[in-house]
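Inspection log for the structure reproduced underneath, given as structure tokens.
The values are calculated or read from the model by the stated rules, or taken from the named source; none is laboratory data. All values derive from a computational prediction rather than experimental measurement. Every residue, glycine as well, gets a Cβ built from its backbone with ideal geometry; the counts of neighbours run over all protein chains shown.
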Amino acid sequence: MSHIKKVQRAKKGNHKAFQELMEEEKDKLYKMAYMYTKNKADALEVFQETTYKALVSIKNLKDERYFSTWLSRILINTAINLINKRKRIIPMEKELLEEKMVPYYPDEEDHDLLQAVMELEEKYKTVLILRFYKDFTVKQIADTFKQIADTLDCPEGTVKTNIHRGVNLLKEKLKEECANE
């Protein structure tokens, strides 16, 4: 069954079609959630909340072609809301918190890149996560800027500029780290 047909069926209340769509998107969504929250438990919470919000509001999706973009926007908003909510909470002592958390360790080869991305300003981090962690195929790259612009609700030119600047900032950060080692 084609992706658009699954979305149409999910919009009509077919839970199996919705489940299949979420199964297709789950890895990408989890990676994005982790990039925002920086820990496994919060990433899973963001993913679960995103799934619930999408299920409840899928009937409001205007264009089936943009299901993935729509879902990404829900996830980003959910992650940012969680981060803002957590900022208002008084944290536990660091040692106690670390004992209770199950650490997630990215691949050795991705660790430096992941760390460099996490240190970028929010506007650069968001577009780079969408661009590189959504696993777009070469054929989709032409539509990538448009999809990211739609997801972030900003002009396509701004997205291109932020990706370009973000990549340049990453290059500089990684060059500095290599020079310091």
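For the range 1-40, which positions are closer than 27 Å to residue 122 by Cα, in contact (Cβ under 8 Å) with a residue 60 or more places away in the chain and in contact with a Lys or Arg (Cβ under 9 Å, 6 or more places away or on another chain)?
Scanning the range 1-40 gives 28, 31, 32, 34, 35, 36.
Could you check the range 12-64 and list, in sequence order, the residues that are part of a loop (DSSP other than H, G, I, E, B), among the polar types (S, T, N, Q) and over 16 Å from residue 78 (Cα atoms)? First the steps, then the outcome.
If we filter the range 12-64 for residues that are part of a loop (DSSP other than H, G, I, E, B), which is where we start, we get 12-14, 38-39, 61-63.
This time we only want the ones that are among the polar types (S, T, N, Q), so: 14, 39.
14, the sole residue that qualifies.
Quick one: count up the residues across the range 124-171 that are farther than 25 Å from residue 63 by Cβ and either exposed (fewer than 11 other Cβ atoms within 10 Å of the Cβ) or at pLDDT below 75 (or both).
Residues of the range 124-171 that are farther than 25 Å from residue 63 by Cβ, as a first pass: 124-125, 128, 161, 164-171.
Subsequent filtering for residues that are either exposed (fewer than 11 other Cβ atoms within 10 Å of the Cβ) or at pLDDT below 75 (or both) retains 128.
Residues flagged as farther than 25 Å from residue 63 by Cβ and either exposed (fewer than 11 other Cβ atoms within 10 Å of the Cβ) or at pLDDT below 75 (or both) within the range 124-171 amount to 1.
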